1. Just for segment 54-67: of the residues that are among the small types (Gly, Ala, Ser) and open to solvent by 50 Å² or more (accessible area, probe 1.4 Å), which one is farthest from the chain's Cα centre (by Cα)?
2. Given the condition within 16 Å of THR111 (Cα to Cα), open to solvent by 80 Å² or more (accessible area, probe 1.4 Å) and part of a strand (DSSP E or B), answer yes or no: does some residue in segment 30-53 qualify?
3. Specify the residue that is surrounded by the most Cβ atoms within 10 Å (Cβ to Cβ); the eligible residues are those in segment 104-114 that are farther than 14 Å from GLY16 by Cβ and polar (S, T, N, Q).
Amino acid sequence: QVRLVESGGGLVQAGGSLRLSCAASGIVFSRYDMDWYRQAPGKQREFVATVTAGDTTNYANFVKGRFTISRDNGKRTVYLQMDSLKPEDTGVYYCNAHRSVGYWGQGTQVTVSS
């Protein structure tokens, strides 16, 4: 059974930082590309960042220079370091693992107050 469990969300003031984690089980983690997405209230889910199985990273323009994605294959975990947070970063952050098929976690809430 595949499980992706996000953690690290919370309430933070604008300009602050959070570090999200997503722990995976039931997959050969090192072979999967890992993404972070987010969904703000009333909006569609949107791509935030990706780290491939080959450790190549890519970011949505609105987080470039502020967020950093990384992975630890030994811990089967992907991270999202979020700095200089803005109120518009508020939303539920989801982890996605994909190769030939994709899997989602349940999400973790991030709230940035102004």
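1. Of segment 54-67, the ones among the small types (Gly, Ala, Ser) are 54, 60, 65.
Retained after the next criterion (residues that are open to solvent by 50 Å² or more (accessible area, probe 1.4 Å)): 54, 65.
Working: GLY54: 17, GLY65: 15 Å.
It comes out as GLY54.
2. So far as segment 30-53 goes, no, none of its residues is within 16 Å of THR111 (Cα to Cα), open to solvent by 80 Å² or more (accessible area, probe 1.4 Å) and part of a strand (DSSP E or B).
3. THR108
Rundown of residues vs (1) acidic (Asp, Glu); (2) open to solvent by less than 40 Å² (accessible area, probe 1.4 Å); (3) touching a residue at least 40 places away in the same chain (Cβ under 8 Å), yes/no style:
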| site | (1), (2), (3) |
| --- | --- |
| ILE69 | no, yes, no |
| ARG76 | no, no, yes |
| MET82 | no, yes, yes |
| LYS86 | no, no, yes |
| VAL92 | no, yes, yes |
| ALA97 | no, yes, yes |
| GLY102 | no, no, no |
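The values are calculated or read from the model by the stated rules, or taken from the named source; none is laboratory data. Since this is a predicted model, take the numbers as computed values, not measurements. Counting neighbours? That spans all protein chains shown, and the Cβs are built from the backbone with ideal geometry, glycine included. Note: areas computed on protein heavy atoms with side chains; ligands, DNA, RNA excluded. Shrake-Rupley method; radii C 1.70, N 1.55, O 1.52, S 1.80 Å.
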